[in-house]
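What follows is calculated from the coordinates using simple rules that are stated; it is not laboratory data. None of the values given here were measured: they were computed from a predicted structure. All Cβ positions, glycine included, derive from the backbone under ideal geometry; neighbour counts span all protein chains shown.
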Amino acid sequence: MDLLVTVIGNAVVDPLFREELLANPRAAIDTWGFRLTKGEVEIMEAMFSSHQTVLREKFLGLEEALYKNLEIFACDKPCRMAVSRPVAFKKVA
């Protein structure tokens, strides 16, 4: 479950990853290099394949709260806590 929690945390701090995850969960974790267990993949696909609008809003709220609390660290988006982006996405943000 640790890796799934990392995926969810990365979705909070990296808007590009979050949008990719909401659009196609399996492709996003493969592109970003996450290795989840079969059970984690099943949970992730169930979570992210439904209620996308609600999830998007909740993630945005978490992102705003997190970055507000990280102002003292001058953390840009995506912050240093985010997983490194794949080479194809490095120039996009």
| message | For region 29-46, give me each residue that is of a type in the set (A, V, I, L, M, F, W, C) and either assigned to a helix (DSSP H, G or I) or farther than 25 Å from Y67 by Cβ (or both). | response | I29, W32, L36, V41, I43, M44, A46
| said: Criterion first (touching a residue at least 24 places away in the same chain (Cβ under 8 Å), hydrophobic (A, V, I, L, M, F, W, C) and buried (at least 16 other Cβ atoms within 10 Å of the Cβ)) does F17 satisfy it? | reply: yes
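Matching residues to (1) assigned to a helix (DSSP H, G or I); (2) out of contact with any Leu (no Cβ under 8 Å at 6 or more places or on another chain); (3) in contact (Cβ under 8 Å) with a residue 24 or more places away in the chain; (4) among the polar types (S, T, N, Q):
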position	(1), (2), (3), (4)
L21	yes, yes, yes, no
A27	yes, yes, no, no
E64	yes, yes, no, no
K68	yes, yes, no, no
A82	no, yes, yes, no
| task | Tell me, yes or no, whether region 2-11 has at least one residue that is of a type outside the set (D, E), closer than 14 Å to P86 by Cβ and part of a helix (DSSP H, G or I). | result | yes
| said: Test of understanding: among T37, T6, T53, which residue is in contact (Cβ under 8 Å) with a residue 40 or more places away in the chain, among the polar types (S, T, N, Q) and out of contact with any Pro (no Cβ under 8 Å at 6 or more places or on another chain)? | reply: T6
